[in-house]
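Just below is one structure, and these are the notes that go with it.
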Amino acid sequence: MEVMKNNKPLNFVLIGRSGSGKGTQAELIIKKHPDTEYISTGNLFRDLSKQNTEVGRRIEEVLEKGGLPFDDLATTLWMHSVAYKVQEGEGIMFDGAPRRLDEAHNLDRFLEWLGRIDKTAFILIDISREEAFARLSKRRICSKCGKLVPFVGEYKEWQDCHECGGKLVERPDDIPEAINNRLDYFDKIVVPMLDYYDKKGVLIKIDGQQSIDGVFSSITAALFEKFGE
């Protein structure tokens, strides 16, 4: 029997420690696959923190202290975003989701229901904890448009935002205690989720301590090998 080709668009799940460059690689992947809806858990929480609601104010307090928001809220936010934004012919880029094992199960069931699971790349951008801490200690954010600027490659030379000209400042939650809290969370909560995808044989592991172009080239090669595109 001839196997029907899955004509669904490619979807991407980017996973990695804070500071691994997920957002930067997401931008590069979307340039190559422009019909892709970008969904960042971090951005969703930051947008929510600006809302004049009880949850919004609570999230603002948590983020200011470098804490971690209520876990199940992340699933609610990205699932709502997919449901209300993504068109049938568009791919989906998940940046920062899933983070927990039960969230991965939810995502798998959701993608299966949409008929997208076989066209989804689960990509780990792997950097050491030490490298993550060094990067997070030095990265900056645009005070005007909110663009996050990593401390890698050409971005090290930026004095202002090349998109809007705003001043680059230190992120308020990039203090040592908050950074270590996020890295502890990854080791304790995210690693078991990675083991789940690894055992399923779907996890694409990329050396994130290469140059930005090197990481992107590795991702591109892995996608072509797995999906032919």
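The values are calculated or read from the model by the stated rules, or taken from the named source; none is laboratory data. Values in this document were obtained by computation on a predicted structure and should not be read as measured data. As a convention, Cβ positions derive from the backbone with ideal geometry for all residues, glycine included, and neighbour counts pool all protein chains shown. Accessible surface is based on the protein model in full, side chains and every heavy atom, while ligands, DNA and RNA are left aside. Shrake-Rupley method; radii C 1.70, N 1.55, O 1.52, S 1.80 Å.
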Exercise for the section: Of the conditions (1) open to solvent by less than 40 Å² (accessible area, probe 1.4 Å); (2) farther than 27 Å from residue 62 by Cβ; (3) not small (Gly, Ala, Ser), residue 179 clears all except one; give me its number. Expected result: (2)
Fill in the blank from the handout: Note on the range 10-53: residues farther than 17 Å from residue 98 by Cβ, open to solvent by 30 Å² or more (accessible area, probe 1.4 Å) and assigned to a loop (DSSP other than H, G, I, E, B) are 33, 34, 35, 50, 51, 52, 53
Practice task
Among the residues of the range 116-141, write down those that are free of Cβ contacts under 8 Å to residues at least 12 places away in the same chain and crowded, with 17+ Cβ neighbours inside 10 Å.
Solution key: 117
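Residue by residue, here is whether (1) more than 23 Å from residue 173 (Cα to Cα); (2) of a type in the set (D, E, K, R); (3) out of contact with any Leu (no Cβ under 7 Å at 6 or more places or on another chain) holds:
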| position | (1), (2), (3) |
| --- | --- |
| 53 | no, no, yes |
| 100 | no, yes, yes |
| 110 | yes, no, yes |
| 120 | yes, no, no |
Handout entry: Some residue of the range 72-83 being charged (D, E, K, R) and open to solvent by less than 90 Å² (accessible area, probe 1.4 Å)
Key = yes
Completion exercise
With criteria (1) open to solvent by 40 Å² or more (accessible area, probe 1.4 Å); (2) part of a helix (DSSP H, G or I), residue 87 comes up short on (2)
Exercise for the section: Would you mind listing the strands (runs of 3 or more DSSP E) fully within the range 126-229 where at least 1 residues are over 30 Å from residue 7 (Cβ atoms) and more than 19 Å from the chain's Cα centre (by Cα)? Expected result: 168-170
Problem - Subset of the range 142-175 [open to solvent by 40 Å² or more (accessible area, probe 1.4 Å) and over 19 Å from residue 42 (Cα atoms)] - result: 153, 154, 156, 157, 159, 160, 162, 163, 164, 165, 167
Practice task
Using the structure shown, decide if residue 208 is out of contact with any Cys (no Cβ under 9 Å at 6 or more places or on another chain), on the phi > 0 side of the Ramachandran plot and either touching a residue at least 12 places away in the same chain (Cβ under 8 Å) or surrounded by 14 or more Cβ atoms within 10 Å (Cβ to Cβ) (or both).
Solution key: no
Fill in the blank from the handout: Counting only residues that are surrounded by 22 or more Cβ atoms within 10 Å (Cβ to Cβ) and either in a helix (DSSP H, G or I) or at pLDDT 95 or above (or both), the range 95-106 contains a total of 1
Completion exercise
Subset of the range 108-125, residues in contact with a Ser or Thr (Cβ under 8 Å, 6 or more places away or on another chain) and part of a helix (DSSP H, G or I), comes to 111
Completion exercise
Selection from the range 150-196 of residues touching a strand residue (DSSP E or B) at 6+ places or on another chain (Cβ under 7 Å) and among the small types (Gly, Ala, Ser) yields 166
Handout entry: Criterion violated by residue 61 - all others in (1) among the acidic types (Asp, Glu); (2) surrounded by fewer than 16 Cβ atoms within 10 Å (Cβ to Cβ); (3) modelled with pLDDT of 90 or more satisfied
Key = (3)
Practice task
Tell me, yes or no, whether the range 72-81 has at least one residue that is touching a strand residue (DSSP E or B) at 6+ places or on another chain (Cβ under 8 Å), without any contact (Cβ under 8 Å) to a residue 40 or more places away in the chain and assigned to a helix (DSSP H, G or I).
Solution key: yes
Practice task
Determine whether residue 228 is in contact with a strand residue (DSSP E or B) (Cβ under 6 Å, 6 or more places away or on another chain) and at pLDDT 90 or above.
Solution key: no
